[in-house]
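What follows is calculated from the coordinates using simple rules that are stated; it is not laboratory data. As the structure is a prediction and not an experimental result, all values here were calculated from the model. All Cβ positions, glycine included, derive from the backbone under ideal geometry; neighbour counts span all protein chains shown.
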Amino acid sequence: MPIKRGVSLYSFQNETFQGKMTLEDCIRTCAEMGANGIEIIGEQTFWGWPEVGVDDAEIANWHSLIAKYDCVPVSHDFMLDYKRYKGREMPFAEQVASVKKDIEFGARLGMKFIRALVSIAPEVLVAAAPYAEEKGIKILIEVHAPLHFDHPWIIRHAEAFEKSGSDALGFLPDMGMFLHAFPPVWKEKFLRIGVPQNIADYIEKAYADRVLSEYVILNVQQMGGVGPAIGMAETLRHNAAFEPKRMLDYMPRIHNIHGKFYEMTADYVEPSIPYDEIVAVLKQGGYDGYICSEYEGNRWIEDAMEPDSVEQVRRQQVMLATLLGEPAPQLRAAA
Amino acid sequence: MMDNKMIVEGSLETSDKGFAFYGRLPYYRGLGLSMIEDIQITADGEAIPREDVRFHVRGKTYTLDQMETVYDDRWNFGEKAKIIAMKPGGLPAGDHKIEFAVRMRVSYLPFVPTTKDTKVLALAA
């Protein structure tokens, strides 16, 4: 089966936050791009989830929109607020019960997967796995920068998943961990908030040269950098150019992909994330799930301009269709 | 994120008891009210004491201390909540510089973010 295209509605957050796009607008927009896999963050798309709950009428509306635009529910991304109580962490049994609630919610929405944030302990997911199996759901932990597939925390999850013997546990890699160049939209934002040009140029070059983050931070301090300049250098602590091929060892448990991107240029290039290499690795590994667009450039440009999330996602979908060898003429129409 | 969209334009109102405006949570999802650690308001540079701030959404009004143990209500994604400052006399007509900051406890973050918006809002005479 070929790799399929989808969109996380997270991508349209700037528009949905302001009420400029409805759920129907989002789903129709994805369908028009040939990206028929729909991923959501449950508590972004559905007011009330999880503390208050969501009425059946809302769920019925979701299913009717999915049917109307011939789309496929892919993933409900859940949060698990284990810091719900001030000053004490949510007890283990309550965390497991909370995950079960999200499994149930995912099932109501017809999802195949629910996304777990990477900070959740493996024991919680293992304890919830039998219920996920019962509901036909897989729980996927999002492997997201600064974590990566060789990090001990991820290896601990992988070991716990294997030991559990459950195939309801897996991974959802976020492509932002393969950040091969310092994103131009990040640099521009740091320049706008006062980072001197020479320091911004140095950090960009140091990132390209793969210099250890701690050395870059020290050098920026010695160049006279303060405040936002240190902040720009510190982004290197949380981002790195890991290798897409590291996904290959985990292919049997990788079931969804976050197509993270910060900017798509007018000629359909993500300047900082090597999607050609990523798609080649996924093909090599026999991946047959969705790649869901996840536009995160919004927060880097919103101080200077209104993000055009739909056009950004459209450009990424054109790129993905091309890399996947799909004919994509309908995508080239103006959004 | 959404920093510059926190204060809803044109929403400032006043009464004898204080003033109010609509505010949105600067986040890509909603949050249970127990995770809103603080809401800080200033009007023309004057800070409103924490105990004089009220949060009103869908017919319910909370103090900030009450919100800390509210586990069955939320500040939803993009939802406009009425942010109330109890200030006898309210504000006079004219332009007012309003600062609005929210500190929230986000489970997965290794820090507790505070996000702030500042806007000049007009009060009709």
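Using Cβ point charges alone (K and R +1, D and E -1), the dipole size of the protein assembly as shown about the Cα centre works out to roughly 200 debye.
Taking a Cβ cut-off of under 15 Å around B:GLU13, the surrounding Lys, Arg, Asp and Glu residues balance to a net charge of +3, with basic ones at +1 and acidic ones at -1.
Only helical runs count toward this figure. For the protein assembly as shown, summing -39,500 (n - 2.57) over DSSP H runs of n ≥ 4 and dividing by all residues gives -9500 deg cm²/dmol at 222 nm. Neighbours of A:HIS63 by Cβ distance under 12 Å: Lys/Arg scored +1, Asp/Glu scored -1, total 0.
Result for chain A in a Gaussian network model with C-alpha springs under 10 Å: among A:HIS63, A:HIS148, A:HIS255, the largest mean-square fluctuation is at A:HIS63. Projecting label points 7 angstrom from Cα along Cα→Cβ for A:ASP249 and A:ARG88 puts them 4.0 nm apart. Over chain A, with a Gaussian network built from C-alpha contacts below 10 Å, which listed residue (A:LEU179, A:LEU324, A:LEU140) shows the highest mean-square fluctuation? With Cα springs under 10 Å in chain A, the top fluctuation among A:LEU179, A:LEU324, A:LEU140 is at A:LEU324. Candidates A:TYR207, A:CYS30, A:GLY325 compared by Cα position along the dipole of the protein assembly as shown: farthest toward the positive end lies A:CYS30, with charges placed on Cβ.
As a size descriptor, the averaged projected area of the C-alpha convex hull of chain B was calculated at 7.3 nm². Counting Cβ atoms of other protein chains within 10 Å of each Cβ in B:24-36 and taking the mean gives 5. For chain A, modelled as a GNM whose springs connect Cα atoms under 10 angstrom apart, the maximal fluctuation among A:GLN312, A:GLN13, A:GLN284 occurs at A:GLN284.
Report the local net charge at B:LYS82: Lys and Arg +1, Asp and Glu -1, summed over other residues whose C-beta lies under 12 Å from its C-beta. Spelling it out: positives minus negatives among the neighbours equals +3. Take every Cα pair under 8 Å whose residues are at least 6 apart in sequence, average their separation, divide by the length of segment A:232-324, and the relative contact order is 34 percent. In the protein assembly as shown, the DSSP beta bridges split such that about 55 percent are antiparallel, to the nearest 5. Shielding of peptide A:45-53 by partners, expressed as the average count of other chain Cβ atoms within 10 Å per residue Cβ, is 5. Could you tell me which of the pairs A:LYS112/B:LYS60; A:LYS101/A:LYS163; A:LYS20/A:LYS245; A:LYS20/B:LYS60; A:LYS100/B:LYS116 are separated by over 30 angstrom between their Cα atoms in the structure shown? Cα-Cα > 30 Å for A:LYS112/B:LYS60; A:LYS20/A:LYS245; A:LYS100/B:LYS116; rest within. A straight chain from A:ASN198 to A:GLU123 at 0.36 nm per residue would run longer than the Cα-Cα distance by 22.3 nm. Per-residue mean of foreign Cβ neighbours for A:293-302 is 2 (Cβ atoms of other chains, 10 Å radius). Using Cα pairs under 8 angstrom and six or more residues apart, how large is the relative contact order of chain A, in percent? Taking the mean separation of contacting Cα pairs over the length of chain A, I get 20 percent.
In this simple spin-label approximation, A:ARG28 and B:GLN40 carry label points 7 Å from Cα along the Cα→Cβ vector, and these lie 4.4 nm apart. Ordering A:SER309, B:SER34 from the fewest to the most neighbouring beta carbons within 10 Å gives B:SER34, A:SER309. Each peptide in A:199-211, A:42-54, A:105-117 gets a packing score, the mean of other Cβ atoms within 10 Å over its residues, and the list from highest to lowest is A:105-117, A:42-54, A:199-211.
Relative contact order, whole percent, for segment A:184-237 stands at 43, derived from Cα pairs under 8 Å and 6 or more residues apart.
Take A:214-225, A:294-305 and order them by the average number of nearby Cβ atoms within 10 Å per residue, most first; the result is A:294-305, A:214-225.
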